[in-house]
1. Using the heavy atoms of the protein chains and a 1.4 angstrom probe, tell me the accessible area per residue for region 18-134 in square angstrom.
2. Considering all alpha-carbon pairs of region 40-179, what whole percent are spaced by more than 25 angstrom?
3. For the chain, find the longest principal axis of its Cα atoms and tell me its angle to the long axis of helix 21-30, 0 to 90°, nearest 10.
4. Rounded to the nearest 10 degrees, what's the angle between the helix 130-143 long axis and the longest principal axis of the chain, both from Cα atoms, 0 to 90?
5. Could you compute how much accessible surface residue 207 exposes when probed at 1.4 Å, giving the result in Å² to the nearest 10?
6. Please give me the summed charge of the neighbours of residue 187: other residues whose Cβ is under 15 Å from its Cβ, Lys and Arg +1, Asp and Glu -1.
7. Would you work out the relative contact order for region 109-237, in percent, from Cα pairs under 8 angstrom that are 6 or more residues apart?
8. With Rg and the Kirkwood Rh both taken from Cα atoms, where does Rg over Rh land for region 175-234?
Amino acid sequence: MSIIELNHLNKTFDYYTKTPGIKGSLKNLFHRETLKKEAVKDVSFAVEEGEILGLLGPNGAGKTTTLKMLSGILFPTSGHAVVNGYIPWERKNEFKRTFSIVMGQKNQLWWDLPASDSFYLNKCIYEIPDADYRRCIDELSGLLDVRDLMDVQVRRLSLGERMKMEIMAALIHRPRIIFLDEPTIGLDIVSQRKIREFLKYYNEQTKTTIILTSHYMRDVEELCRRCVIINQGSVVYNGELADINRLFGNKKLLSIKMSRPAAREDLERYGRLREYAPNAATLEIEHDKIADYSHKLIEQFAVVDFTVTDIPLEEGIEIFYRKEQQVSLVTP
């Protein structure tokens, strides 16, 4: 059952141009040329209850604008959306209690106060009973390992610690839907992993629906089964993550190590040579030829080790990002 549905959603922004200098400023007082930017163009997709959906795209693709419309921050130019039975931009109080939005580059916590004060403010805003609030804070602070940091000024926390606090603040009222806009941006590898583990566990335990935007493919690969890719405001892919590379050739990478050097031209007969060293190489080979070519390579060369891996997800997604190669592969 879909908890979020977007139908032909559009958002256009007006902006103005100005020539430099005093002359341009004076001219701008009497006449300004109005230009239009289509940030979101005819976007349609649905999200099932309890799903973690990856919303991907290059910078300026329209991801954040889409999330802002789904959370009611922005009004669409046209189109329709339903989030948990509500039209977001009507901004009903009942709707506001059902979701949270966390933006990796914006703070919702009071900078000069400890996070616990911001949590208590949220508790009062959402009218959460004392017992439920204490239980929630104890559970979340334990899962995120920030129990000893609750009374530290937010501005004195590290970036990773602040992001954990931001996520806690977003979950105090137990929302059914969470919008996460690059929650791991700028974090170190350890902090990224801990936040991913928490989100995965929280989703499994509460069946909370999550829409995640991220430029870190590890976030998407570990958390999302399905993704929607937006480029230049339009949906160019809607489907399983696992299907992305298969759409572009269904190839594998075969890496081999050899006890004696092999000539480049001899290896190139088996596939496209992506990496080469005298005693090691990585070949791009059609999936249905892997078994046959593996035997032949072992017989012809002194192979001491070999591995077969998928082509990195980033390469498949990159094709959708390239303006000159944009293709539409939207599935129902």
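The values are calculated or read from the model by the stated rules, or taken from the named source; none is laboratory data. Treat the numbers as computed from the prediction; the structure is a model and nothing was measured. Note: ideal-geometry Cβ built from the backbone for every residue, glycine included; neighbour counts use all protein chains shown. For the accessible areas, the whole protein counts, side chains as well, though only heavy atoms, and no ligand, DNA or RNA atoms are used. Shrake-Rupley method; radii C 1.70, N 1.55, O 1.52, S 1.80 Å.
1. For region 18-134, the solvent-accessible area averages 57 Å² per residue.
2. I get 34 percent for the Cα pairs in region 40-179 exceeding 25 Å.
3. 60
4. Around 20 degrees separate the two axes.
5. 130
6. Every neighbour counted, the sum reads -3.
7. This gives 23 percent for region 109-237.
8. My calculation puts Rg/Rh at 0.96.
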